[in-house]
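These notes are about the structure you will find just below.
The values are calculated or read from the model by the stated rules, or taken from the named source; none is laboratory data. This structure is a prediction, so every number in the text was calculated from the model and none was measured. All Cβ positions, glycine included, derive from the backbone under ideal geometry; neighbour counts span all protein chains shown.
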Amino acid sequence: MTDRRRYDVVVVGAGTAGIPCALEAATAGARVLLLEKDGRVGGTLHTSGGHLSAAGTRRQAAQSIQDDSDLHLADVRRISHGSARDDLVRRAVELAPVTVDWLDDLGFDFAPETPRLVYGHEPYSAPRTYYGRDGGLSILHVLEPLLRDAVARGDVELRTATPVTGLRSDGEGRVVGVTVWSRDGDQDVDAGAVVLATGGFAADPDVFAEIEGVPLVSAAHPTSTGDGLLLARTVGGAVAGRGTYLPTFGGLPHPTTPTRAQWSDRPLLIATERPPWEVYVDRAGRRFVAEDEPSIDQKERALVAVPDMTFWTVFDDRARRESVPMVLGWSPADLAARAGRRAGVHTADDLESLARLAGIDPTGLLGTVRDYNAALTDGRPDPTGRQHRPAPIAEPPYFALENHGITLISFAGVDVDADLAVRRTDGSVVPGLFAVGEVLGAGASCGNSFCGGMMVTPAIGLGRWLGARLGPGLADRSLRAPESLNSPS
Ligand SMILES: Cc1cc2nc3c(=O)[nH]c(=O)nc-3n(C[C@H](O)[C@H](O)[C@H](O)COP(=O)(O)OP(=O)(O)OC[C@H]3O[C@@H](n4cnc5c(N)ncnc54)[C@H](O)[C@@H]3O)c2cc1C
């Protein structure tokens, strides 16, 4: 069945990047179709923390914070050790203040403490992280009414519960449309340009295993199944960013599903948030990093070398009572109540039994705790260099929380040129096909690191920028975005 209508732009995925892209394409005069496989729009904004990072915003100026996009770019280079796509990062950080001011104009519900320095990832050199009171949903609360209005005006046609299942090419390799699934059978839709804004693949164990090649314990949004990457490959699109993967440091296993983590039950493992009382041990019972290491980046890199990226935080009852709570939202009493009942939360009256319950080598764990306690009580330095040692681990019952390197986002993705046109392995462009958002892979905007806000902000900023360029003139390279959306470079 063929849909006779032809659209200037078909945007695949009504999420963080796709909605702004579709809106701007429509504003630029394009006839736009926005296709979403889920029953609702918003994609990962339903799950995301929604942190944005931008330098040179009105909000910073109001607080006399001196900052600019060159400093932002320098920080991304520093944090990523130069492993991100410099051309894309430069454009993204230049668009970032425009993006945040735009959200501001639209009544975005900023958390009052922002902009601020955030320590969940390696910190920036200036307070330039913003988020809404409702995390990613605060962004959706701004985007959704705009989309609703655009749909009501007939500027954007939106179809939800409509997955794109194929890309259509002409005889010369140009993408000329998409195939969508519908209850009435597959439909072909013609398009001047197709934008893949389908998100990442961190919720799909098979695609993840093939592309990233590391164990997946996922806290990604369930729609992140790699559709855009797989679609791009059918027309020769190349994969970029392999080898830039980095796990998020620690997360409890999901109560029922082994390949998933429960992001809401987040162990607090950032030393600046909660100075540690526990030791971290691998399956052999060995420590692998100073638990009070202030750099979360260093901890994440140490975890990559740990077998299965699995470790346990081991502590005693005094730590349970006196430390800042070990898991986000769990009181000491909650922890005691869940021990032995919730997956990954173990307790026993002696360390050997604890090790057996948790799956740690008992001899290794006993030796590690003995050495840790002895160095502390003898006043000797800790072999890992750890400074914060509030008490020996000596008061039963003992606890072990199982942690995995967890995955929120995928790092590899579709290769694009500086104009977000999809590239083949030989570097040539697939005419008519563009990509934006996490489908490019975190490696593009963060390299082999986590740079705060550098997924959501580029998704929105570059999404708008791309949409504005794909007016009725389509993939014409001479078209520029309106001045307000053009980065100076
Ligand atoms: C728990 C969590 C916290 C995070 N916190 C932050 C943060 O604070 N800051 C930050 O910068 N990043 C954060 N991220 C990452 C960031 O949220 C995402 O990278 C970003 O939102 C992805 O935007 P996107 O538009 O590329 O994809 P999405 O927002 O996921 O949108 C993709 C859309 O495409 C649709 N789709 C997929 N395939 C098809 C198909 N075949 N046909 C039609 N539609 C399709 C999906 O259903 C979805 O609606 C976080 C991620 C997670 C999981």
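From the list Pro258, Pro247, pick out the single residue that is outside the structural domain of His388 (by TED's automatic domain parsing) and away from the ligand (no atom under 16 Å from the Cβ). Before the answer, list the steps.
Details: Pro247 fails: away from the ligand (no atom under 16 Å from the Cβ).
Selected residue: Pro258, the only one of Pro258, Pro247 that is outside the structural domain of His388 (by TED's automatic domain parsing) and away from the ligand (no atom under 16 Å from the Cβ).
Table: residues versus (1) assigned to a loop (DSSP other than H, G, I, E, B); (2) surrounded by fewer than 23 Cβ atoms within 10 Å (Cβ to Cβ).
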| position | (1), (2) |
| --- | --- |
| Pro222 | yes, yes |
| Leu230 | no, yes |
| Thr244 | yes, yes |
| Gly250 | yes, no |
| Pro258 | yes, yes |
| Ile270 | yes, yes |
| Glu273 | yes, yes |
| Gly285 | yes, yes |
| Phe288 | yes, yes |
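Against the test of being part of a loop (DSSP other than H, G, I, E, B) and either closer than 26 Å to Gly29 by Cα or touching a His at 6+ places or on another chain (Cβ under 6 Å) (or both), the options Gly192, Gly199 yield a single qualifying residue, Gly199. Within the option set Ala355, Ala343, being in a loop (DSSP other than H, G, I, E, B), touching a Leu at 6+ places or on another chain (Cβ under 9 Å), touching a residue at least 40 places away in the same chain (Cβ under 8 Å) and within 20 Å of Pro307 (Cβ to Cβ) holds for one residue only, Ala343. Gly50 meets the stated requirement of being within 16 Å of the ligand (Cβ to nearest atom), within 17 Å of the chain's Cα centre (by Cα) and in a loop (DSSP other than H, G, I, E, B).
Filtering segment 20-47 to residues that are near the ligand (Cβ under 6 Å from one of its atoms) and among the polar types (S, T, N, Q) leaves Thr44, Thr47. Of all the listed residues (Gly437, Gly453), the sole one being more than 12 Å from Leu466 (Cβ to Cβ), within 16 Å of the ligand (Cβ to nearest atom) and either surrounded by 24 or more Cβ atoms within 10 Å (Cβ to Cβ) or modelled with pLDDT of 95 or more (or both) is Gly453. For segment 95-132, name all the residues that are under 27 Å from Leu158 (Cβ atoms), under 19 Å from the mean Cα position of the chain (by Cα) and assigned to a loop (DSSP other than H, G, I, E, B). If the condition is that a residue be under 27 Å from Leu158 (Cβ atoms), under 19 Å from the mean Cα position of the chain (by Cα) and assigned to a loop (DSSP other than H, G, I, E, B), then Tyr131 is the only one that fits.
Matching residues to (1) crowded, with 23+ Cβ neighbours inside 10 Å; (2) away from the ligand (no atom under 12 Å from the Cβ):
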{"site": "Val93", "(1), (2)": "yes, yes"}
{"site": "Glu113", "(1), (2)": "no, yes"}
{"site": "Pro123", "(1), (2)": "no, yes"}
{"site": "Leu137", "(1), (2)": "no, no"}
{"site": "Leu167", "(1), (2)": "yes, no"}
{"site": "Arg174", "(1), (2)": "no, yes"}
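Remark: Ala17 matches the filter, which requires a residue to be among the hydrophobic types (A, V, I, L, M, F, W, C), in contact (Cβ under 8 Å) with a residue 12 or more places away in the chain, within 14 Å of the ligand (Cβ to nearest atom) and buried (at least 21 other Cβ atoms within 10 Å of the Cβ). Selection of segment 296-309 for residues being of a type outside the set (A, V, I, L, M, F, W, C) and either surrounded by 17 or more Cβ atoms within 10 Å (Cβ to Cβ) or more than 19 Å from Pro275 (Cβ to Cβ) (or both) yields Asp297, Lys299, Glu300, Arg301, Pro307, Asp308. Residue count for segment 48-88, restricted to those that are in contact (Cβ under 8 Å) with a residue 40 or more places away in the chain, among the hydroxyl-bearing types (Ser, Thr, Tyr) and either out of contact with any Cys (no Cβ under 8 Å at 6 or more places or on another chain) or not assigned by TED's automatic domain parsing to the domain that holds Leu462 (or both): 3. Quick one: Ala339 ticks every box in (1) over 14 Å from Ala400 (Cα atoms); (2) touching a strand residue (DSSP E or B) at 6+ places or on another chain (Cβ under 7 Å); (3) of a type outside the set (Asp, Glu) bar one, so which box is it? Only one criterion in (1) over 14 Å from Ala400 (Cα atoms); (2) touching a strand residue (DSSP E or B) at 6+ places or on another chain (Cβ under 7 Å); (3) of a type outside the set (Asp, Glu) is unmet by Ala339, namely (1).
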